Amino acid sequence: MTFPIDFVRSQFPGLNNDMILMDNAGGSQTLQTVVDRIGHYLINHDVQLGASYTTSQAAGEALDDAVASVQLWINAKAKEEVIIGPSTTALLHILSLCISKQWQKGDEIIITDVDHEANRACWNSLAKQAFVIKTWCINTNSMQLETDDLLDLMTDKTRMVCVTHVSNVLGNINPIKDWAQLVHDQGAQICVDGVAFAPHRSIDVQDWDVDYYVFSTYKTFGPHQAVMYGKQALLEDMPGLNHEFITTSPYKFQPGNVNYELAYGLKGVVEYLCRLGNSSGKLSRSHLSLAFQQIAVHEARLVQKLVDFIATKPQLRIIGANTSDPEQRVATLSFVHEIMNSKDIVEAVDPHQIGIRFGDFYAVELIKTLGLAEQNGVVRISLAHYNTEAEVEKLIGVLGEVV
Ligand SMILES: Cc1ncc(COP(=O)(O)O)c(C=O)c1O
């Protein structure tokens with residue numbers, strides 16, 4: 001199957017220049033359809049919602065329609081399960097503040113040392129209120145979070161297990177569906193950071209049976225916002241943090257409401273993905289799934305080139321799964337050099353107009369645990385489906401001279 005790379009690239013106006021962008025796990029390019037929709041909203045619907053006059057009614061309907069497309073994207077059962085906010089970090093803070101109002105002193109929360117701080121710091125801060133925070137640590141031999149280690153941490157006081165679907169450093173895909181079942185069997189809930197997964201694979205919150213799932217839309221070809229899914233029954237029971245008289249979801253979790261034009265823009269991502277899946281462009285789950293099947297194959301082809309290159313350089317070591325298998329990893333690949341500092345490698349690549357990056361990527365604990373802080377973390381190449389084989393070959397040529 002040929003990947004329609006020309007069609008794909010034509011949809012992203014920010015790619016029309018000489019830069020090769022491979023820091024996509026930091027932020028992706030924005031679709032033209034999204035840019036158009038944001039402009040359209042500001043020109044046609046720029047009023048306050050909820051009034052009885054025609055423009056306000058039309059604006060409300062336009063926004064509802066955009067939220068319905070996000071519901072389809074993640075396969076939520078109801079639009080009340082879709083909460084939109086400024087960032088994943090902010091949404092997880094909101095969740096931790098609201099849900100902890102339902103817990104008792106001594107209740108336990110499990111976080112991991114693999115996660116981005118977004119899914120750690122908000123939970124860690126609950127320790128001040130006498131909740132117990134436990135850390136599920138990576139097995140540094142397998143470079144995985146081992147399920148048995150989680151079971152050892154869980155007790156009848158465990159309320160929440162906070163995990164990442166894909167580490168933004170390691171790139172490996174965690175078995176979220178299995179973990180959700182295990183966590184539920186133990187009577188707890190699961191909160192998943194889907195930020196590093198969402199640009200690469202289809203989201204299906206019902207199939208996985210997760211309780212909360214959060215991702216950032218500025219890394220999934222959309223505007224600078226984030227989406228949080230929560231199971232309706234759980235959200236209904238949970239106190240919010242909006243004005244007291246606002247008691248329904250999602251509004252009770254959206255203080256000051258959402259940024260209307262950006263939320264309206266989100267439908268542009270769903271429209272694009274469905275069109276990639278099927279030229280009819282009809283919005284459907286099967287078209288989303290077809291789009292991501294193509295994306296997975298294309299990205300694996302690109303990653304294989306990087307894996308093959310690194311195998312020829314004994315001084316380089318992949319930090320994460322040493323494979324391009326799309327079942328096991330996404331196209332975010334990190335490595336370190338036996339001697340060179342990660343910063344020096346990236347800065348030697350910079351003049352070639354290739355955007356890669358070094359650091360801890362706010363997965364600070366992981367980088368500490370792996371003993372990589374001293375060398376400025378890892379070098380991370382994070383590809384998106386709009387990257388080409390030629391771009392990867394150019395990077396490999398440059399890296400070959402640098403390392
Ligand atoms: C895996 C992961 N989780 C969470 C975040 C935080 O996202 P946001 O910037 O939307 O708060 C990031 C951002 O880099 C990330 O990579």
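The values are calculated or read from the model by the stated rules, or taken from the named source; none is laboratory data. Not measured: the values here are computed from a predicted model. So basically every Cβ, Gly included, is an ideal-geometry build from the backbone, and we count neighbours across all protein chains shown.
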Are any of the residues in the range 373-394 farther than 26 Å from residue 201 by Cβ, surrounded by fewer than 18 Cβ atoms within 10 Å (Cβ to Cβ), at pLDDT 95 or above and of a type in the set (A, V, I, L, M)?
yes
If residue 25 satisfies every condition in (1) aliphatic (A, V, I, L, M); (2) more than 16 Å from the ligand (Cβ to nearest atom); (3) closer than 19 Å to residue 217 by Cβ; (4) surrounded by 13 or more Cβ atoms within 10 Å (Cβ to Cβ) but one, which is the exception?
(2)
Test set (1) within 16 Å of the ligand (Cβ to nearest atom); (2) farther than 13 Å from residue 191 by Cβ; (3) touching a helix residue (DSSP H, G or I) at 6+ places or on another chain (Cβ under 6 Å) - residue 118 fails condition number
(2)
Among strands (runs of 3 or more DSSP E) entirely inside the range 314-403, those with 2 or more residues being outside the structural domain of residue 163 (by TED's automatic domain parsing) and under 23 Å from the mean Cα position of the chain (by Cα) are 332-337, 357-359, 378-382
The one condition in (1) surrounded by fewer than 24 Cβ atoms within 10 Å (Cβ to Cβ); (2) in contact with a strand residue (DSSP E or B) (Cβ under 7 Å, 6 or more places away or on another chain); (3) of a type in the set (A, V, I, L, M) that residue 214 fails to fulfil
(1)
When you scan the range 314-328, do you find a residue that is crowded, with 22+ Cβ neighbours inside 10 Å, modelled with pLDDT of 95 or more and in contact with a His (Cβ under 8 Å, 6 or more places away or on another chain), even just one?
no
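Yes/no per residue for (1) touching an Asp or Glu at 6+ places or on another chain (Cβ under 7 Å); (2) assigned by TED's automatic domain parsing to the domain that holds residue 381:
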position	(1), (2)
11	no, yes
22	no, yes
41	yes, no
44	no, no
50	no, no
56	no, no
For residue 257, indicate whether it is assigned to a loop (DSSP other than H, G, I, E, B) and either within 15 Å of the chain's Cα centre (by Cα) or at pLDDT below 95 (or both).
yes
Output for the range 138-149, where each listed residue is in contact with a helix residue (DSSP H, G or I) (Cβ under 7 Å, 6 or more places away or on another chain) and buried (at least 16 other Cβ atoms within 10 Å of the Cβ):
138
Do any helices (runs of 4 or more DSSP H) lying entirely in the range 136-246 carry at least 3 residues that are closer than 24 Å to residue 291 by Cα and away from the ligand (no atom under 15 Å from the Cβ), and which ones are they?
205-208
